[in-house]
Amino acid sequence: MRQVMRLSFRDQAAMFLRSLAIQGAWNYPRMQGLGFLFILIPWFRKLDQSGFQNACRRHMGYFNTHPFLAGYVAGVVARMEQEGKGRESVRARDGLMGPLGALGDGLFWARVRPGAILAGIGVSFFWPWASAPVFLLFYNSIHLKERWSGIAAGYTREEEPLGGLSSRLRKIISVFLGGLILPACGFILAGVALGSGAPWFVAGLFVLGVLLFVLKFNNMMVLGCLLTAALVLGFLEVGMRLPWSM
Amino acid sequence: MMDLVVPIFFASLFTGVISIDRAAFGQFQLSRPMVAAPLLGLLMGCPAEGVLIGLIFELLFLDSLPVGSFVPLEALYPALLSVVVIGTGQVPRSALPIALVVSLPSVVADRWADNRWRRVNERIFSRAEAYVRLGRLDLVQIQMVLAILQAGFFNFLAFLLSSAVLVPMAAVVAEKLPALPGLLLAAALVPILTGLAALSSRRLRKGKEWIGFAAGVFFGLLAGLV
């Protein structure tokens, strides 16, 4: 086994910046394949000429995981390639991408993003201009931290892949943020209902919307049904307003 | 009509640049309607309407999640198009809901641009694969940059075309539609309620989650009444 190189700040920064483009060439047959190789090119250049060529060929193929956790897989692969475990690195990559994809979807798309959006919208009732900065700060503080630390975690903790991700942060997000989504929905609904000047009208439309979703209608169908209901009932409601005053 | 050319071109450029953030590079969420619409509104002289439009569309598409390789419908185009409609004065600011409804079909153009980009990337990938075999890694990296720029180009083109159709159409609709104040406001509230209902319905099926929702409503009413 070769001696393992230290992952310097510069190496990590190069991989981090490139990991932002992981989906840059997303396509249906190979998905993030080119983006994954793109992250690793600066690291592979440190290998000898034949090692470099072989590593590039090995990792130019199908790859798909959650984009924010791709850095972790890249870290694992970088370490293994550097140790001369080329073939094992392909198995590790293929084994990690599925579980990390599922983990990232549940964590970032289903919790962090709706949570950050709802936080921004909640703030908008008091300071409408602050909604976008609050959302961006909230979301990117978690997103960028996970992207940055994932690379080093993958590189240094090869033997325990999921322990490398900041597990405490994950737990906080899953329990705290996941649990806050519904209360935030309720809070915003109350704000919209009161702000509109026609609370029963708004509450009725909301209940109708929930029922239609339970009956498996999709977003556009529900939008159409609610719009029709609102247009019919809208004739009766005079003096309504939007909840945000600018 | 000619006075629309410059603002539409300018807004399309803005859309092309900011849409790169959506998938191709960064994903800092600058392309979310909540962020992009106020930014364009600021540039087009209607920042307050930009904030409002952004919030409404954000809520409508709150439940659109890109799980796995599924690409959901996004609200970027309708939100920015609504800002263009208001910013160019095609619809009076008081009739903002007309802009929201008329701009909704632009999600089709958005889907076309995204699909086209992903299809073109298949060719880029094949070229890059050939360059890897030849050991020309410099050219592989150029392919990557090209793919990212193409995301911007397709979105620029799709937004330009959809705006050219829908922005003048908004003016026609605003002119023909009878002025019904309740109707207009109801149309603006519906997207908000659809998004909230979508997000809530999935979670409310679990029994205990009702408590959290009820607590949120209670505190919301308290904050609103106080």
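Of the numbered conditions (1) within 13 Å of another protein chain (Cβ to nearest Cβ); (2) at pLDDT 95 or above, A:Ala13 satisfies every one except a single condition; which is it?
Here A:Ala13 clears every test but (1).
Looking at B:Val84, B:Val71, B:Val67, B:Val101, which is the one that is more than 12 Å from the chain's Cα centre (by Cα), crowded, with 24+ Cβ neighbours inside 10 Å and either within 11 Å of another protein chain (Cβ to nearest Cβ) or not charged (D, E, K, R) (or both)?
Residue meeting the stated conditions: B:Val84.
Given A:Gly101, A:Gly51, A:Gly95, which one is closer than 23 Å to B:Ile148 by Cα and of a type outside the set (A, V, I, L, M)?
Sole residue among the options that is closer than 23 Å to B:Ile148 by Cα and of a type outside the set (A, V, I, L, M): A:Gly101.
Give A:Leu189, A:Leu231 a once-over and let me know the one that is part of a helix (DSSP H, G or I) and either of a type in the set (S, T, N, Q) or surrounded by fewer than 23 Cβ atoms within 10 Å (Cβ to Cβ) (or both).
A:Leu231
Could you check how many residues of segment A:171-200 are more than 8 Å from chain B (Cβ to nearest Cβ), more than 14 Å from B:Phe213 (Cβ to Cβ) and in contact with a helix residue (DSSP H, G or I) (Cβ under 6 Å, 6 or more places away or on another chain)?
3
Could you tell me which numbered condition A:Met31 fails, if it satisfies all but one of (1) modelled with pLDDT of 90 or more; (2) over 20 Å from A:Thr156 (Cα atoms); (3) touching a helix residue (DSSP H, G or I) at 6+ places or on another chain (Cβ under 8 Å)?
Going through (1) modelled with pLDDT of 90 or more; (2) over 20 Å from A:Thr156 (Cα atoms); (3) touching a helix residue (DSSP H, G or I) at 6+ places or on another chain (Cβ under 8 Å) one by one, A:Met31 breaks only (3).
Could you list, in sequence order, all residues of segment A:20-39 that are of a type in the set (Gly, Ala, Ser), part of a helix (DSSP H, G or I) and buried (at least 24 other Cβ atoms within 10 Å of the Cβ)?
Scanning segment A:20-39 gives a single hit, A:Gly35.
Looking only at segment A:57-100, count how many residues are in a helix (DSSP H, G or I) and crowded, with 20+ Cβ neighbours inside 10 Å.
Of the residues in that region, 21 qualify.
Please go through segment A:26-37 and pick out each residue that is over 18 Å from the mean Cα position of the chain (by Cα) and either closer than 27 Å to B:Gln29 by Cβ or more than 7 Å from chain B (Cβ to nearest Cβ) (or both). So that I can check it myself, show each step before the final result.
Step one: list which residues in segment A:26-37 are over 18 Å from the mean Cα position of the chain (by Cα), which gives A:27-30, A:33-34, A:37.
Across segment A:26-37, the qualifying residues are A:Asn27, A:Tyr28, A:Arg30, A:Gly33, A:Leu34, A:Leu37.
From the residues in segment B:17-37 that are over 12 Å from the mean Cα position of the chain (by Cα) and in contact (Cβ under 8 Å) with a residue 60 or more places away in the chain, which one is surrounded by the most Cβ atoms within 10 Å (Cβ to Cβ)?
So the residue we want is B:Ala24.
So which residues in segment A:38-58 are at the interface with another protein chain (Cβ under 7 Å from one of its Cβ atoms) and modelled with pLDDT of 90 or more?
If the condition is that a residue be at the interface with another protein chain (Cβ under 7 Å from one of its Cβ atoms) and modelled with pLDDT of 90 or more, then A:Phe38, A:Ile41, A:Cys56, A:Arg57 are the ones that fit.
Taking only segment A:47-61 into account, find how many residues are more than 26 Å from A:Lys145 (Cα to Cα) and in contact (Cβ under 8 Å) with a residue 24 or more places away in the chain.
Number satisfying all stated conditions: 7.
Considering (1) small (Gly, Ala, Ser); (2) at the interface with another protein chain (Cβ under 8 Å from one of its Cβ atoms); (3) under 15 Å from the mean Cα position of the chain (by Cα), say which one A:Gly115 fails and leave the rest.
(2)
The values are calculated or read from the model by the stated rules, or taken from the named source; none is laboratory data. Predicted, not measured: the structure shown is a model, and the values here were computed from it. For neighbour counting, all protein chains shown are included, and Cβ atoms are generated from backbone atoms with ideal geometry for every residue, glycine included.
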